[in-house]
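Read-outs: derived from the displayed coordinates by stated rules, not from any lab. Note that the structure is a prediction, hence the values are computed from the model and not measured. Every residue, glycine among them, receives a Cβ derived from its backbone with ideal geometry; neighbour counts consider all protein chains shown.
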């Protein structure tokens with residue numbers, strides 16, 4: 001079978017390097033999986049990798065402008081923005097910034113990337129399916145600051161970014177750790193990126209339909225990162241309370257399970273062949289059973305969302321978020337199965 005291309009996939013991947021050499025390996029490995037025709041199958045021309053001396057503030061901003069131009073002409077685009085490096089805020093002013101290659105504390109405005117600038121670029125991407133992955137706040141060195149009295153506090157993501165991505169269930173930001181945690185390195189990749197790479201290659205897939213889907217990936221990250229990290233580390237997702245669309249982020253096996261349109265063609269062939277009375281009866285019974293399960297799970301998700309919205313404790317909140325993500329993913333897969341059965345029975 002000829003491999004398909006995930007033709008609407010775009011990505012900007014940044015691994016700063018410098019005192020965090022693992023960030024280069026991380027970003028490069030993500031690129032390699034995305035453009036591999038036997039795995040994620042993104043078009044290579046739509047994947048930009050910036051590492052080490054190329055990952056300067058100016059080049060990052062230029063790469064953002066390029067992907068914005070590409071993506072905003074494609075209403076079906078799926079976009080990944082991945083950053084691996086230092087991210088944090090100045091304690092006195094609460095100013096957040098990312099630390100590109102060539103950062104100079106005496107020229108911070110011209111060499112760093114402020115949280116506001118980063119957020120503005122993300123906001124300019126109009127794609128309905130947008131995933132921002134921030135593997136920031138690594139255990140390691142702390143960037144120098146201009147004023148001796150200033151303190152750099154490691155922080156997983158720009159606070160402005162959460163407000164920008166509040167609308168639209170397909171616009172998600174994932175940080176590798178929580179505010180009070182490190183993102184731990186490993187061999188050869190960081191704990192977070194190591195799990196992400198596995199998820200993109202199919203280990204997170206539930207339905208085995210050839211797609212690496214966002215909810216399945218998040219469930220995998222929530223489960224695996226705390227197990228892999230050498231210290232406390234729990235991923236953060238911006239909108240656990242509003243993730244209903246389990247959209248494909250990429251293929252995981254070059255589309256070799258189902259090429260585009262194959263699943264629909266399979267349904268069409270079943271319909272055209274017709275069902276026997278027994279097959280139709282059993283399918284109808286299964287539909288009723290699944291619909292009852294759908295109703296039960298929908299109510300459960302509703303109650304879990306209400307409980308999560310009022311929970312303040314970090315440890316308990318993470319457990320509830322993990323449980324909710326799992327239920328959201330099950331509900332999404334259940335919805336797919338219901339759609340398939342309804343199509344066959346029409």
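For residue 62 and residue 292, the difference between the fully extended length at 0.36 nm per residue and the C-alpha to C-alpha distance is 77.7 nm. Sorted ascending by nearby beta carbons within 10 Å, beginning with the fewest, 6, 247 become 247, 6.
Counted over the stretch 2-64 with a bin width of 5 Å, the fraction of Cα pairs per bin, in whole percents, is 4, 20, 25, 21, 15, 9, 4, 1, 0. Once both labels are positioned 7 Å from their Cα atoms along Cα-to-Cβ, the gap between residue 70 and residue 28 label points is 2.0 nm. Size check on the stretch 9-251: the Cα extents along the three principal axes, sorted descending, read 55, 40, 33 Å. Percent of Cα-Cα pairs per 5 Å bin, from 0 to the last occupied bin, for the stretch 173-252, please list those. All Cα pairs considered, the percentages come to 3, 17, 26, 23, 18, 10, 3, 0.
Does the stretch 169-219 classify as rounded, prolate or oblate by the C-alpha gyration tensor (a ≥ b ≥ c root eigenvalues; a/c under 1.5 gives rounded; else a/b over b/c gives prolate, otherwise oblate)? Since a/c reaches 1.5 but b/c is at least a/b, the shape of the stretch 169-219 is classed as oblate.
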